[in-house]
Structures are given as structure tokens and as C-alpha cells.
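The values are calculated or read from the model by the stated rules, or taken from the named source; none is laboratory data. Only a predicted model underlies this, so the values are computations on that prediction, with no experimental measurement involved. Because the Cβ atoms are built from the backbone with ideal geometry, glycine has one as well, and the counts that use them run over all protein chains shown.
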2 protein chains.
Amino acid sequence: MTRQRVVIVGAGFGGLAAATTLESADVDVLLLDRHNYHQFLPLLYQVATSGLNSADVAYAIRGVFRRQQHVRVRKGHVTGVDWDRHLVHLRHEPSVEFDKLIVAAGSSTAFFGVPGAEEYAFPLYSLEDAVRLRNHILSLFEAAAVRPALADDGTLTFVIVGGGPTGVEVSGALAELVDKVLREDFHDVDLRATRIVLVEQGDHLLTAFGERSQAYAKSSLEERGVDVRLGVAVTHIGPDEIVLSTGARLATRCLVWAAGVKANPLADALGVDQGRAGRVVVSPDLSLPDHPEAFVIGDIADIDDGSGGRLPQVAQVAIQGGRHAAAQILADQAGRPRTAFRYRNKGMMATIGRRSAVTEVPGLPALHGLVAWLGWLSLHLVYLLGVRNRVSVFVNWAWNYFTWDRGPRLILRPESLPHTPHPHADG
Amino acid sequence: MTRQRVVIVGAGFGGLAAATTLESADVDVLLLDRHNYHQFLPLLYQVATSGLNSADVAYAIRGVFRRQQHVRVRKGHVTGVDWDRHLVHLRHEPSVEFDKLIVAAGSSTAFFGVPGAEEYAFPLYSLEDAVRLRNHILSLFEAAAVRPALADDGTLTFVIVGGGPTGVEVSGALAELVDKVLREDFHDVDLRATRIVLVEQGDHLLTAFGERSQAYAKSSLEERGVDVRLGVAVTHIGPDEIVLSTGARLATRCLVWAAGVKANPLADALGVDQGRAGRVVVSPDLSLPDHPEAFVIGDIADIDDGSGGRLPQVAQVAIQGGRHAAAQILADQAGRPRTAFRYRNKGMMATIGRRSAVTEVPGLPALHGLVAWLGWLSLHLVYLLGVRNRVSVFVNWAWNYFTWDRGPRLILRPESLPHTPHPHADG
């Protein structure tokens with residue numbers, strides 16, 4: 001019997017967990033990703049705010065599997081699936097055959113049709129996004145240094161939309177970048193006009209967290225000078241001004257979009273049932289109802305949480321889903337029955353800044369402040385791929401902490417960015 | 001009396017040395033650079049061959065002078081000088097006035113009119129160049145992994161033009177990258193078709209070095225599998241083929257141009273006398289013959305070596321020149337006479353690979369091998385700017401040395417590169 005060919009689409013948390021589970025099994029794995037590196041999404045906001053280097057949150061995928069003879073890695077952009085012929089189609093490359101398929105293609109930014117968002121908002125969902133945002137933030141300060149009058153017309157006003165973990169983390173990190181680092185870097189420029197505004201449509205930050213965590217996050221951000229506005233939405237985004245649901249206008253050239261995600265566009269190309277935000281509807285074992293040979297996991301899947309709700313788009317759902325899908329493939333091979341996916345919630349955390357974070361683990365009291373922050377630091381170091389990246393992140397963090405400095409505040413190749421919303425500030 | 005305004009153009013080795021010399025003096029310094037970071041050019045080849053991260057060889061210029069109230073830093077592209085009104089013109093920005101001017105704008109790649117070089121050769125003279133070359137090298141291996149037949153048509157043939165330190169260092173580092181790292185990364189691909197060819201027009205590698213060093217470099221490269229061809233030039237460069245002066249054709253999609261530099265184009269815009277390769281002719285004190293208030297230093301200057309020759313385009317000439325120009329400005333201020341620039345040759349070095357380098361210091365015997373390599377490592381760590389960068393480079397080097405791995409083998413944003421010569425391989 002020839003070995004089963006398992007194709008995995010996406011080398012995020014879910015795809016890597018599936019491939020790792022299968023690496024010593026009696027199957028041939030082909031792992032496809034648009035990039036040659038795995039992106040560690042939870043730390044993108046630190047790249048955007050000059051706390052970490054791009055390379056700290058990226059890990060060469062081939063490096064993970066270099067000792068695994070039965071895992072092949074290919075860089076390729078999957079465009080669709082031919083279910084009859086069991087083929088995965090790739091852009092500009094030959095199609096590949098599969099016996100079993102695991103789709104773990106993740107999310108993309110959802111702008112919910114807000115006018116101007118596609119053109120002018122800065123999403124933060126990939127390493128490219130993070131580098132583009134960093135370049136833009138630093139370029140606005142450079143522009144204000146050359147023309148001080150710009151500071152009064154919104155050039156130093158930063159708006160973050162969305163009060164989830166990403167929005168909270170960006171706001172806090174940006175406030176510290178300005179207050180501790182840029183104030184010294186631009187010692188000859190008046191930065192008092194700098195404003196950081198966090199806008200959240202709901203009545204609370206961090207809706208998934210408990211009340212005390214929400215209140216702690218809000219007061220902790222406000223202590224850092226962030227202007228937190230709850231119950232307010234953004235209704236229009238222009239190149240140098242936005243409109244709020246209150247009717248107020250706010251001059252800004254930098255709006256960070258942390259307000260939501262939808263399924264990767266690959267979901268639309270699969271020709272299968274889709275649920276909320278375009279996510280793919282799956283059976284209890286995470287396979288497709290009409291294609292039991294295919295599994296869909298992580299952010300791109302619409303997974304029932306067992307009580308009528310949906311599992312959240314977080315790393316743990318992807319990791320556990322990847323392991324589960326791999327286990328079902330091995331069960332099929334061994335003639336064992338498949339089992340339903342059971343998600344074990346390990347808790348959640350969000351960091352606000354130096355010595356400030358919130359952590360909620362089921363069955364334990366919620367933690368705030370220094371202890372939560374140390375927990376956050378350790379966990380992220382553990383989940384980073386590769387010893388070298390861990391050492392580098394640790395060195396950067398220690399450096400930033402003890403010197404109040406941030407090394408990687410580099411405007412790298414702004415002239416070559418795919419589309420820069422505000423060219424006059426990026427020159 | 002108002003303080004003298006000293007404008008320095010360029011934050012390379014020369015401009016930084018000048019600004020540092022003047023930072024505590026009774027002058028106001030304005031340091032202009034196209035980037036917001038200083039580039040450590042001697043290590044670009046390691047970025048290109050996945051040995052170091054971009055951020056390791058870049059240092060935020062504002063970080064150097066954050067405690068210096070009289071040094072201002074501005075990101076700007078200088079386009080020319082108005083000598084009558086004492087103005088420096090900038091692209092898209094207001095012009096700035098100066099009392100004293102130091103031009104330290106460096107070099108750019110010289111293609112010597114070789115047909116196809118502008119379009120298809122990969123220079124290695126800026127961080128952008130290094131990242132583009134790295135993306136291209138890794139993308140060619142990815143392409144060969146998808147279509148093994150490509151290996152036979154030159155996709156895995158790398159040609160380096162120029163046998164100076166840069167050409168030697170790239171060739172050696174690339175050979176080690178392929179042999180030690182990519183061979184394991186691409187364990188399912190036949191890399192035996194990989195060829196690295198170093199082409200040098202002259203009869204020796206490292207012409208500025210002694211005979212023993214030249215022979216050592218050649219045999220050391222050949223041991224690593226590099227095909228060294230002396231007395232051969234490249235006469236034509238196409239997208240997938242080059243022509244040599246012997247008439248031979250060689251299929252390749254990656255030609256690294258390390259064959260020479262000329263003055264930064266700013267030299268042409270100054271309206272002053274130019275010497276070899278467009279460099280600006282200077283008086284013995286490094287000022288301009290017709291504009292004693294302006295100094296031109298480093299790679300962009302054509303400096304007499306006192307015996308009829310020209311000083312080389314190396315870091316030490318720029319650093320010593322920057323200090324000298326700054327000292328002349330202080331001498332003027334103190335009413336002391338100016339002095340002629342005297343270059344002290346501290347020696348030169350080039351590295352071939354692990355435990356292999358050549359070092360020649362005047363008055364000492366030439367060193368080859370391990371001792372020269374350790375000297376090279378230490379010196380480059382000392383000359384790097386910033387403790388954080390030194391730590392990061394040290395960690396990367398130790399990692400690469402002991403694990404035979406290279407962390408930063410990432411294809412970062414190939415889709416956004418300014419102009420990619422071979423789009424079919426970079427997709």
C-alpha cells in the first residue's frame with residue numbers, strides 16, 4: 001500500500017500542530033503556506049510599535065521540519081480545491097494531489113463595509129501589516145519634526161479601532177513608545193500634541209473578559225494617557241480625518257484597525273457551506289459534512305462550542321483543532337472510529353504595557369498587574385518557535401525594560417511598500 | 001554671537017564620526033540622512049546570506065544623539081546645494097541653511113555600462129539591496145523545489161562578479177548557506193546542481209592584499225566548492241543568462257554585482273570639480289577648493305594619498321575624514337589654522353567563512369585562518385553601533401556557529417519589492 005498523502009494548507013498555529021502530530025506517522029505530509037515562515041501573530045503589535053524585530057516573530061517553516069523526511073514544505077498560494085479529482089490548486093504552480101486535506105488558512109481583516117477602511121485603515125494581521133504600520137507611525141513623527149505645524153492638524157493623533165486584546169495591546173504599547181522613547185529621540189520637537197484614542201463600539205473593553213479585568217484595562221490605559229471612548233464607532237475613514245458615530249470629526253492620518261476578522265478568502269473558493277464571517281461549517285469531528293476526507297480547523301472554521309455558540313478565533317482553538325484533525329486521519333488509518341472535537345479552554349490574557357496585564361484561567365481567580373504580566377511574558381516565550389527567536393525576544397524585552405529604549409525603531413524600505421495610504425507623510 | 005550651524009549630509013561612518021566629534025562643541029549640528037537608521041555596510045553580505053537580521057546591521061540615528069541637545073537629526077533626501085545662499089536643498093522638504101557643511105553621502109553601485117547590469121544584476125550596497133538579494137536567493141531554491149527541472153537551467157547557479165572583499169565574502173557565505181543550511185531545509189530536493197561562480201577580471205582575488213592572502217582566499221573558497229575564475233569579465237547580463245569575456249554563456253538567474261562603486265549621485269549635483277568615478281576633488285584639509293566652508297569626506301571624496309594615488313573607499317578613511325573635517329570647523333572657530341588630512345592605515349581584512357579570514361595590518365605579519373577570523377569577528381562587534389545590536393549579532397553568530405543553522409532565512413515581503421528582476425522565481 002502506498003503512503004497516504006496529507007496536504008495541509010497554512011503553517012499557522014493550526015497547520016503546524018497538525019503537521020507536527022503527523023511527522024512520525026505512516027503518511028506523507030505536504031505543508032503549504034504563502035510565506036516561507038510561520039508568523040507569531042500574538043506579538044505583531046510589538047513589531048508595529050518598535051519593540052521587536054520582524055525576524056523575532058517569524059520562523060522559517062523548513063527549519064521546523066528539516067529532520068523529518070516525511071514532511072515536505074512548499075511555498076505556495078492555494079486558490080481552490082477540486083473535490084472530484086482530489087487536487088489542491090495553487091497560483092502559478094502545478095496542482096497537488098491529496099488523499100486527506102487539512103485546511104488551516106486562518107483569517108483576514110474584516111472592514112464591515114466601513115467607507116474608506118480598505119483604503120486608509122492600517123490592519124494588523126500579518127507581518128507585512130506590522131512593518132507597514134511601524135514605518136507609518138515613525139514617518140509621521142519624522143514629518144512633524146520637519147514641519148512642526150503638522151502636529152496641530154492630526155499628524156500626531158493615532159486612532160485605534162476595536163477594544164479587544166489587539167486594540168488594547170497596540171494602544172498601550174504605542175503610548176509607551178511615545179512617552180518613553182520618541183520623546184527623547186525627538187528632543188527638539190514638541191510632542192505634546194500627540195494623542196492616542198482607542199474607540200470601542202461596545203460598552204466595555206475586552207468583552208470576553210470579566211468585569212474587573214475590563215475595568216483594570218481601561219484605567220491602566222488611561223493612566224498611560226490613552227483616550228478610551230466606549231460606545232463609539234467609526235463611520236467613515238478618510239486620508240486625514242475620520243467620522244465617529246457621534247457625528248464628531250477627528251483629524252488623524254493613522255487609524256489602526258483592530259475591529260475584527262473574517263475567514264481567509266480561500267473559504268469562499270471551497271464551494272462548501274459557510275457560517276458567520278464566511279467561516280466554513282464543519283462536522284463535530286472538524287471534517288467537512290460532504291467531504292469527510294477534508295478537515296477545516298482554526299480561524300477559518302465555524303466551530304460549535306457545544307452550547308449553541310461558536311469557538312473564538314484564538315491560537316488554542318487552532319492548535320487543539322490541528323492535533324484533533326491529525327488524530328482523525330490516524331484513526332481512519334488504524335480503522336478506529338473518529339471522535340468529536342472537544343475544546344479545552346486554557347484561559348486568555350492581554351497585556352497593556354510594562355508590568356500590566358490581565359489573565360483569566362478557568363477555575364482560578366483573575367490576575368491583574370505585575371503577576372499577570374510576568375505570566376504573559378513567560379507564556380509567549382514558551383510558545384514562540386525556535387530557541388534563537390526566544391533568545392532574541394528575551395534580549396529585546398530585557399533591553400526595552402531596563403533601558404526604557406526600543407532598538408528596532410527603523411523605517412525599513414518605506415518606498416517599496418505595496419500601497420501606502422499617506423504618501424506625503426511616508427516620503 | 002549666534003551659534004554656527006553645521007549641516008552634515010549622510011549618517012554613514014563619516015557623517016556619524018563628524019557629528020560625534022562636534023556633539024559637545026559650541027555649534028548646532030543638523031544631521032541629514034535618507035534613512036532614519038545608520039547602515040553597517042561591512043555586514044550586509046551576512047544579511048543577504050541569511051546570517052543576520054536586517055535590524056542587526058541598522059541602528060536608529062536618533063538613538064545615537066538622543067542625549068545631545070545640540071545635535072538634531074532629520075530624515076531627508078538632499079538633492080543639491082545653493083552655494084551663494086548657503087542652502088541645502090531637500091526633496092519634498094524645506095531647504096535648510098548652513099554656516100559650515102560636511103558632505104558624507106557615500107557611494108552608489110557602478111555598473112560600468114555593462115549591458116543588462118542595471119536591470120538584472122543584484123548590487124549589495126544598501127540594506128534594501130541585501131534584503132532583496134536574500135529574498136531572491138531563497139526564492140530560487142523554493143522555485144527549484146516546486147519544479148525540479150529548473151535546477152538544470154541555471155536556477156541554482158549563482159554568479160558573483162568582483163573579487164574584492166565583498167565578492168569573496170558573499171561567495172564564501174553563500175557556499176556555506178547552501179552546504180550547511182539549505183541542504184537540510186530542502187531535504188527532499190536535489191541540490192547537487194547548485195553552482196557558485198566567482199568571476200574576477202584581474203589575475204588575483206583581493207587585489208589590495210598581499211600575494212599569500214590572495215592565494216589563501218582562492219584556495220579557501222575552492223575548498224568550499226566555489227568555482228573561482230580569474231582574468232574573466234562579464235560582458236552581458238540577461239534575465240536568465242550571462243555572457244563572459246571568453247565568449248562563454250552561463251545560465252543563471254542571480255548575478256551578484258560586487259565589482260565597483262562610484263560617487264553618490266549628489267556629487268554630480270554639487271557643481272564642483274570631480275575626479276575618478278565622479279568623486280569630488282578636495283583640498284588637503286578636505287574642504288572644497290572654491291568653498292572652504294564645505295568639507296567632503298569618505299567614499300564621495302577623491303582624496304590624494306600623498307603619493308599620487310587615491311585613498312580607498314573604506315570605513316577608516318570616512319571615519320578619520322569625518323573627525324578631521326569636524327576638527328577644522330573647531331579650528332576655524334578658535335582662530336587656529338587648518339591642517340592637512342593625514343590618513344593612518346589601520347589595515348584591512350576580509351572573511352571567507354567559518355574560521356577563515358585574512359588580515360593585513362601595516363607593520364605586522366599577514367594573518368590567515370582562525371586567528372584572522374577571530375580578529376575579524378571582534379573588530380566588527382566593536383565597530384557595530386549600540387549594545388543591543390552587538391548582543392544580537394553575537395547571539396546570531398554563536399547560534400550559526402554552533403548549530404550550523406541560520407535563523408533569519410526569511411523571504412520577507414517579496415511582493416512589495418521595488419523592482420524584482422525575476423518575477424517568475426519570486427512569486
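Quick notes on this structure:
- For the range B:379-401, the set of residues classified as facing chain A (nearest Cβ under 9 Å) and either of a type in the set (D, E, K, R) or over 15 Å from B:Leu52 (Cα atoms) (or both) consists of B:Gly386, B:Val387, B:Arg388, listed by residue number.
- Selected residue [within 22 Å of B:Ala121 (Cβ to Cβ) and not acidic (Asp, Glu)] from B:Gly210, B:Gly202: B:Gly202
- Qualifying residue in the range A:67-83 (condition: in contact with a strand residue (DSSP E or B) (Cβ under 6 Å, 6 or more places away or on another chain) and among the basic types (Lys, Arg)): yes
- Boolean, A:Trp376 is at pLDDT below 90, crowded, with 19+ Cβ neighbours inside 10 Å and more than 13 Å from every other protein chain (Cβ to nearest Cβ): yes
- Extreme residue, nearest to the other protein chains (Cβ to nearest Cβ), among residues of the range A:16-71 that are basic (Lys, Arg) and under 24 Å from A:Thr2 (Cα atoms): A:Arg66
- Checking each residue in the range A:190-218 for being at positive phi and surrounded by fewer than 23 Cβ atoms within 10 Å (Cβ to Cβ) picks out no residue at all.
- Note on the range A:385-427: residues that are modelled with pLDDT of 50 or more and either buried (at least 17 other Cβ atoms within 10 Å of the Cβ) or among the charged types (D, E, K, R) (or both) amount to 22.
- Of everything in the range B:283-321 that is among the hydroxyl-bearing types (Ser, Thr, Tyr) and out of contact with any strand residue (DSSP E or B) (no Cβ under 6 Å at 6 or more places or on another chain), the residue that is surrounded by the most Cβ atoms within 10 Å (Cβ to Cβ) is B:Ser283.
- Scanning the range A:77-91 for residues that are touching a residue at least 12 places away in the same chain (Cβ under 8 Å) and touching a helix residue (DSSP H, G or I) at 6+ places or on another chain (Cβ under 9 Å) yields a count of 5.
- With respect to the conditions (1) over 25 Å from the mean Cα position of the chain (by Cα); (2) surrounded by fewer than 24 Cβ atoms within 10 Å (Cβ to Cβ); (3) in the same structural domain as B:Asp290 (by TED's automatic domain parsing), B:Gln69 falls short on a single one, namely (3).
- Listed here are the helices (runs of 4 or more DSSP H) enclosed by the range A:311-409 that have at least 1 residues being under 30 Å from A:Asp99 (Cβ atoms) and polar (S, T, N, Q): A:315-334.
- Among the residues making up the range A:248-300, those that are outside any loop (DSSP other than H, G, I, E, B), β-branched (Val, Ile, Thr) and under 24 Å from A:Thr166 (Cβ atoms) are A:Val256, A:Val261, A:Val280, A:Val296, A:Ile300.
- The set of residues from the range A:338-352 being surrounded by fewer than 24 Cβ atoms within 10 Å (Cβ to Cβ) and either closer than 20 Å to A:Phe13 by Cα or out of contact with any helix residue (DSSP H, G or I) (no Cβ under 7 Å at 6 or more places or on another chain) (or both) comprises A:Thr339, A:Ala340, A:Arg342, A:Tyr343, A:Arg344, A:Asn345, A:Lys346, A:Gly347, A:Met348, A:Met349.
- Listed here are the strands (runs of 3 or more DSSP E) enclosed by the range A:76-190 that have at least 3 residues being closer than 30 Å to A:Ser245 by Cα: A:107-109, A:121-123, A:157-161.
- Just so you know, in the range A:243-284 the residues that are of a type in the set (Val, Ile, Thr) and at pLDDT 95 or above include one that is farthest from the chain's Cα centre (by Cα), and it is A:Thr246.
- Applying the condition of being surrounded by fewer than 22 Cβ atoms within 10 Å (Cβ to Cβ) and under 25 Å from the mean Cα position of the chain (by Cα) to the range B:77-104 and asking which residue is farthest from the other protein chains (Cβ to nearest Cβ) yields B:Gly80.
- Flag set for B:Asp273, criterion: farther than 30 Å from B:Arg134 by Cβ and out of contact with any Lys or Arg (no Cβ under 9 Å at 6 or more places or on another chain).
- The range A:106-151: number of residues that are within 29 Å of B:His35 (Cα to Cα), under 14 Å from the mean Cα position of the chain (by Cα) and either more than 14 Å from chain B (Cβ to nearest Cβ) or surrounded by fewer than 21 Cβ atoms within 10 Å (Cβ to Cβ) (or both): 7
- Check on A:Leu30, outside any loop (DSSP other than H, G, I, E, B) and not acidic (Asp, Glu): yes
- Filter result (crowded, with 24+ Cβ neighbours inside 10 Å and at pLDDT below 95) within the range A:14-37: A:Asn36, A:Tyr37
- So A:Gly225, is it farther than 30 Å from B:Phe65 by Cβ, modelled with pLDDT of 95 or more and surrounded by fewer than 17 Cβ atoms within 10 Å (Cβ to Cβ): no
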